[in-house]
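Novice: Take a look at the following structure, please.
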Amino acid sequence: MLGKHVTVNAFKEQHEYTGPKGGPIQTITTQMTPQEAAEIYADTLHDE
């Protein structure tokens, strides 16, 4: 437990997150058209 202390970072845990099938995570932004956002959202539902 001492090694996990914030200031020691002796055993820093690393986590990696990926999108479906190991690809990049797709994000929906305010700069997209509603159609683009809907397509990404629909793809997300089909990948589960």
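Rule-based calculations on the coordinates, nothing more; no lab input. Small disclaimer: the values here were computed from a predicted structure and weren't measured.
Novice: Amide H of G19: which non-local residues (sequence gap of 5 or more, or other chain) have their own amide H closer than 5 Å, using H built in the peptide plane?
Specialist: Here I25 satisfy the definition.
Novice: Can you work out the Karplus-derived ³J(HN,Hα) for every residue in segment 35-40? Use 6.51 cos²θ - 1.76 cosθ + 1.60 with θ = phi - 60°, whole Hz, and x for glycine or proline.
Specialist: These are the phi-based 3J(HN,Hα) values: 5, 4, 5, 5, 5, 5 Hz.
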